[in-house]
Amino acid sequence: MDFAYNGGKKPGAGGTAILFINEKSVGSVKVPATQFALFSADETASVGLDRETPVSEDYDRGSSTFTGKIDKVTITLK
């Protein structure tokens with residue numbers, strides 16, 4: 001995923017998130033706002049499932065777990 005923040009130095013502004021699979025763009029979404037302060041200590045950077053606060057009320061922990069194979073996750077901070 002690539003996130004293009006459009007708030008400059010303003011904390012909490014939004015941007016555009018683009019999802020990539022095997023370096024190919026497969027979708028994008030406008031994000032109206034971002035977290036501008038600290039996260040709680042029990043939140044995690046989950047891959048394939050979300051054990052803490054869901055990103056959407058539509059998320060069902062019982063049936064939303066990814067069951068495929070994830071070969072690699074790369075995080076690059078820009």
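Conditions (1) surrounded by 10 or more Cβ atoms within 10 Å (Cβ to Cβ); (2) on the phi < 0 side of the Ramachandran plot, marked per residue:
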| position | (1), (2) |
| --- | --- |
| Gly8 | no, no |
| Gly14 | yes, yes |
| Val26 | no, yes |
| Ser64 | yes, yes |
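Are any of the residues in the range 50-58 among the aliphatic types (A, V, I, L, M), surrounded by 10 or more Cβ atoms within 10 Å (Cβ to Cβ), at pLDDT below 80 and out of contact with any helix residue (DSSP H, G or I) (no Cβ under 6 Å at 6 or more places or on another chain)?
Restricting attention to the range 50-58, the residues satisfying the condition of being among the aliphatic types (A, V, I, L, M) are 55.
Keeping just the survivors that are surrounded by 10 or more Cβ atoms within 10 Å (Cβ to Cβ) gives none.
There is no residue in the range 50-58 that is among the aliphatic types (A, V, I, L, M), surrounded by 10 or more Cβ atoms within 10 Å (Cβ to Cβ), at pLDDT below 80 and out of contact with any helix residue (DSSP H, G or I) (no Cβ under 6 Å at 6 or more places or on another chain).
Given the options Thr34, Thr76, Thr65, name the one that is in contact with a Leu (Cβ under 6 Å, 6 or more places away or on another chain) and in a loop (DSSP other than H, G, I, E, B). Break it down into steps so the answer makes sense when it comes.
On the way: Thr34 fails: in contact with a Leu (Cβ under 6 Å, 6 or more places away or on another chain); Thr76 fails: in contact with a Leu (Cβ under 6 Å, 6 or more places away or on another chain).
None of the other options fit; the residue is Thr65.
Mind checking which pairs have a first residue in the range 53-78 that is closer than 22 Å to Asp2 by Cβ and a second that is acidic (Asp, Glu) and at pLDDT below 80, Cβ under 6 Å, 6 or more apart or different chains?
Between residues of the range 53-78 that are closer than 22 Å to Asp2 by Cβ and residues that are acidic (Asp, Glu) and at pLDDT below 80, there is no close pair.
Just to be sure before I move on: is Phe3 in a strand (DSSP E or B) and in contact with a Gly (Cβ under 9 Å, 6 or more places away or on another chain) in the structure I sent? I'd like the intermediate steps shown before the answer.
Working: in a strand (DSSP E or B): yes; in contact with a Gly (Cβ under 9 Å, 6 or more places away or on another chain): yes.
Yes.
The values are calculated or read from the model by the stated rules, or taken from the named source; none is laboratory data. Just so we're clear, the structure is a prediction, and the values are computed from it rather than from any experiment. Here Cβ is always computed from backbone atoms with ideal geometry, including for glycine, and neighbour counts include all displayed protein chains.
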